[in-house]
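Every read-out reported here was derived from the displayed coordinates using simple, explicitly stated rules and does not represent laboratory data. What you are looking at is a predicted structure, and each value in this text was computed from that prediction instead of being measured. No Cβ is skipped: glycine too gets one built from the backbone with ideal geometry, and neighbour counts run over all protein chains shown.
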Ligand SMILES: [Zn+2]
């Protein structure tokens with residue numbers, strides 16, 4: 001009991017930062033820092049979201065057992081600050097060191113929890129997503145070959161690597177008796193055919209590759225790459241066909257990488273879901289079973305788009321806001337987290353961080369009874385008790 005309380009404290013650890021005017025608790029497990037501001041009276045709590053800033057810090061210390069529950073950050077005001085690169089780098093190193101220590105200290109308990117859940121058939125299933133594996137043009141959505149290889153070696157040695165269909169089967173049947181995970185990619189970058197995908201194919205690791213059809217067909221770089229000044233090459237139709245022939249599951253990532261939170265007309269929704277599916281099926285000559293929402297945050301998972309996904313005949317859809325697949329829940333929705341290039345953060349995710357379970361935002365949607373997933377609704381919002389505290 002004492003051991004469990006101690007682990008609970010360590011798992012709630014954060015870093016306290018005191019500035020001239022206020023105190024913040026900074027969680028250590030995310031790349032974008034969600035600062036939790038505590039007013040001088042230590043009563044009312046607010047929160048702001050910002051990149052690591054590191055400015056104006058007069059004291060840094062550790063906080064054990066903070067009872068603050070983080071809510072998923074909606075759009076929050078950015079902290080106005082002057083960025084000092086040295087302080088930012090120092091802050092990042094500090095956070096990673098703290099996270100490494102935290103994962104190391106808690107991993108025996110986390111492993112025991114997973115073993116217990118596996119024995120009961122309720123082991124949570126991880127699904128990670130990547131975008132681009134390459135050693136050139138590094139950016140926030142690129143991971144180097146070396147780091148990707150390390151991820152794959154680590155995952156393959158500790159997890160049963162399964163397909164999305166198998167993830168759904170286990171969640172639905174409540175038979176999850178192994179630590180398992182699945183690998184996915186979004187967008188369709190050409191560089192992935194150089195190293196990452198051949199590696200996965202060669203090792204027989206199931207993989208789902210979500211592509212944006214218009215970009216592939218028209219060989220158009222993605223708007224976010226054009227905006228950042230690096231119009232990176234996208235996959236060709238031929239490559240997508242070859243991947244499909246090699247056993248990679250090709251999934252749909254809309255026609256134009258649309259942000260559904262900004263789409264309000266039904267015709268566009270159908271175009272980006274239903275038409276995208278049939279275009280992609282024509283491209284590869286096979287059925288396309290899965291859909292991944294561009295951006296994949298709760299805001300993009302709109303009722304209209306999910307209805308279109310179901311109506312189009314997809315077997316399921318993927319989000320990307322960071323969550324696990326817990327048995328007995330809504331299996332039509334496959335939850336994913338980022339294959340974070342920072343190994344400590346990936347390990348933290350894979351070892352099932354109970355904070356991530358607690359903090360998962362609830363995504364609600366409703367499909368009419370004529371659609372096939374009625375049975376899942378009473379289960380929505382439920383978590384596996386072992387991981388819910
Ligand atoms: Zn995308």
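Give the calculated FRET efficiency between residue 115 and residue 219 to the nearest 0.05, with a Förster radius of 45 Å applied to their Cβ-Cβ distance.
Details: r = 48 Å, r/R0 = 1.08.
Working from the Cβ atoms, E equals 0.40.
Going by neighbour counts of Cβ atoms within 10 Å, the residues 343, 210 line up, fewest first, as 343, 210.
Summarising the label geometry, the points placed 7 Å from Cα in the beta-carbon direction at residue 264 and residue 362 lie 2.7 nm from one another. Working from the Cα coordinates of the stretch 125-387, the gyration tensor eigenvalues give, after taking √(5λ), semi-axes of 26, 24, 17 Å in decreasing order. Its relative contact order, with pairs defined as Cα atoms under 8 Å and 6+ residues apart, puts the stretch 125-387 at 19 percent. Length available on full extension from residue 282 to residue 173: 0.36 nm per residue minus the Cα-Cα distance, which gives 36.0 nm. Among 104, 181, 91, 220, the order by Cβ neighbours within 10 angstrom, fewest to most, reads 104, 220, 91, 181. Dividing the mean sequence gap of close Cα pairs (under 8 Å, 6+ apart) by how many residues the stretch 157-206 holds gives a relative contact order of 46 percent.
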